[in-house]
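Visitor: Got a structure for you, questions after.
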Amino acid sequence: MTTAPTRYEQLVTHPVGKKLAKQLGLPIPPRLSRRDDRPRAVLDPVLVLGDSDGADLIATQLLDWEADVRRRHAELQRVGSIIILLDALEHPRDMSPAVLAAAEALKKLAPGGRIVTVSRTPSATSGALAAEAARGGVEGLVRSLGHEMRGGATVNGIRVADGVSLTAPSVLHALRFLLSARSAFVNGQLLDVAAPGPASPMGERALDGLTLCVTGAARGIGAAISRTLAADGARVIAVDMMGQGVELSRLATEINAVPVIADVTSAHAGEAIADAARAKGHGLDGIVHNAGITRDKMFANMTPDRWDSVIAVNIGAQISLTESLRASGATSDAFRHVGIASTSGIAGNRGQTNYAASKAGVITYVDSLAHELASEGGTANAVAPGFIETDMTAKIPPLRREFARRMNSLRQGGQPQDVAEAVAFLLAPAAGGIHGQTLRVCGQNLVGR
Ligand code: NAD
């Protein structure tokens, strides 16, 4: 479900308004395609650039996905996606051939097209200094090119740890996600794949048979996450506060979820969720800590109530719930923890010291928890939304809100669905080799990394 275009968007996409906006140099947001507009994973034709063995492996894999794969663009009028293989770099100069071929093809990239780089993860301890400089350089390429994309096209990168095959399940799962319309609001980001991950279904039914809990599920991003997980095959346990009971039960009926009324900061919330999973006769396979609040105030006017409540809901409950669920014995092996963070936790934001402290905590917590869960086959990751159109951002004063929407490379606010897609991607068994990551869903905010 996408929200209606804002008044500004209606104005600058109208033929007369568009002309005026162009003359004045105002941002004109492109229309983004999402999964319903473009259900196929790959936008054809796909140009696979690079002469490494990895390039051949990826091209063969794309043929298996029935994509129209090309290794040269000269004969093409239009290119749907470009994959740049940079997996065998020994020196920064080795980037040239594939990167410059991509630059030549860029003008042919279709609206909503995709560019994905595939390279190796930098490692400070390898001792191969020039190779590490080259690996690190890919980040600069991706982040800068993200700012240059037009027409809703995006560029993102996958970095694969040494020793992990480019056709390992987690690499291919990441590639499918970044090539597809599911990553519409992800731009200029790099995803690290640390381990191969288990061979498991990708795409539409990737969550088949899983039992997953979503907190703050009654509305906004939480409701979109619940709907997306259910659409991808999961049984959902949907948690929200007493005051949201009507919306929660409506959602539960719609997607056949189990509603649980609980305040995530209460001592009994973990028990209530564990009981709901047991009642369904299944172990809990994962949790999405989405419940969150803002209590913005300039720091000089910060009150104990504003500070403590934000810390308690946004990070305290994520820690205590995951701990109590793991201790309850109600969780399955390979437990998945996804924390919802925020770009405010990365770049900071005026008036949001409490919120940014809580969300920066989420990012660090998943990194630490990932090490602990990895030995059991589980993962912990975070998703950091930028400006997303929900009740939370509707509270921002109109002018500031309008400005915040345009502060990213895609020149618009994201939809709750965009965050939900990233969460579903990380919860899929095939994402088992991705952990400790914070995936930003922000249209590439102009602030922060
Ligand atoms: P929202 O205010 O629309 O919805 C939040 C939901 O969480 C509500 O249903 C609310 O009842 C529930 N909730 C709050 N406190 C709770 C508690 N103690 N126990 C149980 N449920 C509780 O917010 P949203 O915009 O959908 O945001 C969802 C998450 O995404 C939050 O963690 C938020 O910080 C994060 N986020 C949102 C944006 C954005 O632009 N909207 C940006 C970055 C991060």
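The values are calculated or read from the model by the stated rules, or taken from the named source; none is laboratory data. A quick note: this is a predicted structure, and the numbers were derived from the prediction, not measured. Here the Cβ positions follow ideal geometry from the backbone for every residue, glycine too, while neighbour counts run over all protein chains shown.
Visitor: Based on what the data block shows, is residue 352 of a type in the set (S, T, N, Q) and closer than 23 Å to residue 155 by Cα?
Guide: So residue 352 fails the test.
Visitor: Follow-up. Kindly list the number of the only condition in (1) more than 14 Å from the ligand (Cβ to nearest atom); (2) in contact with a helix residue (DSSP H, G or I) (Cβ under 7 Å, 6 or more places away or on another chain); (3) not polar (S, T, N, Q) that fails for residue 275.
Guide: (2)
Visitor: Let me ask another. Of all residues in segment 287-309, which are crowded, with 17+ Cβ neighbours inside 10 Å and under 23 Å from the mean Cα position of the chain (by Cα)?
Guide: 287, 288, 289, 290, 291, 292, 294
Visitor: Now a separate question. Of all residues in segment 411-429 being under 15 Å from the mean Cα position of the chain (by Cα) and away from the ligand (no atom under 11 Å from the Cβ), which is surrounded by the fewest Cβ atoms within 10 Å (Cβ to Cβ)?
Guide: 417
Yes or no, residue by residue, for (1) under 17 Å from residue 177 (Cα atoms); (2) among the hydrophobic types (A, V, I, L, M, F, W, C); (3) out of contact with any Ser or Thr (no Cβ under 8 Å at 6 or more places or on another chain):
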site	(1), (2), (3)
55	no, yes, yes
98	no, yes, yes
107	no, no, yes
114	yes, no, no
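Visitor: Which of the residues that make up segment 59-102 are out of contact with any Lys or Arg (no Cβ under 6 Å at 6 or more places or on another chain), more than 24 Å from residue 137 (Cβ to Cβ) and among the charged types (D, E, K, R)?
Guide: Matches in segment 59-102: 64, 66, 68, 70, 72, 75.
Visitor: So residue 287 clears everything in (1) more than 12 Å from the ligand (Cβ to nearest atom); (2) part of a loop (DSSP other than H, G, I, E, B); (3) β-branched (Val, Ile, Thr) except one condition, right? Which one?
Guide: Condition (2) is where residue 287 drops out.
Visitor: (1) closer than 15 Å to residue 416 by Cβ; (2) part of a helix (DSSP H, G or I); (3) out of contact with any Lys or Arg (no Cβ under 6 Å at 6 or more places or on another chain); (4) touching a residue at least 60 places away in the same chain (Cβ under 8 Å): which one isn't true of residue 214, the others all being true?
Guide: (2)
Yes/no matrix, rows are residues, columns are (1) in contact (Cβ under 8 Å) with a residue 60 or more places away in the chain; (2) over 25 Å from residue 408 (Cβ atoms):
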residue: 101; (1), (2): no, yes
residue: 109; (1), (2): no, no
residue: 113; (1), (2): yes, no
residue: 131; (1), (2): no, yes
residue: 145; (1), (2): no, no
residue: 158; (1), (2): no, no
residue: 161; (1), (2): no, yes
residue: 168; (1), (2): yes, yes
residue: 172; (1), (2): yes, yes
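Visitor: Which residues, counting only those in segment 317-348, are touching a Lys or Arg at 6+ places or on another chain (Cβ under 7 Å), within 12 Å of the ligand (Cβ to nearest atom) and not in a helix (DSSP H, G or I)?
Guide: Residues satisfying the conditions are 341, 342, 343.
Visitor: Now for a different question. When you scan segment 349-383, how many residues do you find that are within 13 Å of the ligand (Cβ to nearest atom) and either in a loop (DSSP other than H, G, I, E, B) or within 22 Å of residue 425 (Cβ to Cβ) (or both)?
Guide: Residues in segment 349-383 being within 13 Å of the ligand (Cβ to nearest atom) and either in a loop (DSSP other than H, G, I, E, B) or within 22 Å of residue 425 (Cβ to Cβ) (or both): 7 in total.
Visitor: If you don't mind, another one. What is the one condition in (1) within 18 Å of the chain's Cα centre (by Cα); (2) away from the ligand (no atom under 16 Å from the Cβ); (3) farther than 28 Å from residue 42 by Cα; (4) not basic (Lys, Arg) that residue 211 does not satisfy?
Guide: Unmet condition: (1).
Visitor: Identify the residue in segment 384-401 that is in a helix (DSSP H, G or I) and hydrophobic (A, V, I, L, M, F, W, C) and, among all such residues, is nearest to residue 219 (Cα to Cα).
Guide: 392
Visitor: Do the conditions hold for residue 26, that is, is it surrounded by 15 or more Cβ atoms within 10 Å (Cβ to Cβ), more than 25 Å from the chain's Cα centre (by Cα), closer than 30 Å to residue 13 by Cβ and in contact (Cβ under 8 Å) with a residue 12 or more places away in the chain?
Guide: Judged against the criteria, residue 26 is a match.
Visitor: Tally time: how many residues in segment 329-349 are modelled with pLDDT of 95 or more, of a type outside the set (A, V, I, L, M) and under 26 Å from residue 209 (Cα atoms)?
Guide: 5
Visitor: Might you check whether a residue that is within 16 Å of the ligand (Cβ to nearest atom) and surrounded by fewer than 24 Cβ atoms within 10 Å (Cβ to Cβ) occurs anywhere in segment 179-196?
Guide: no
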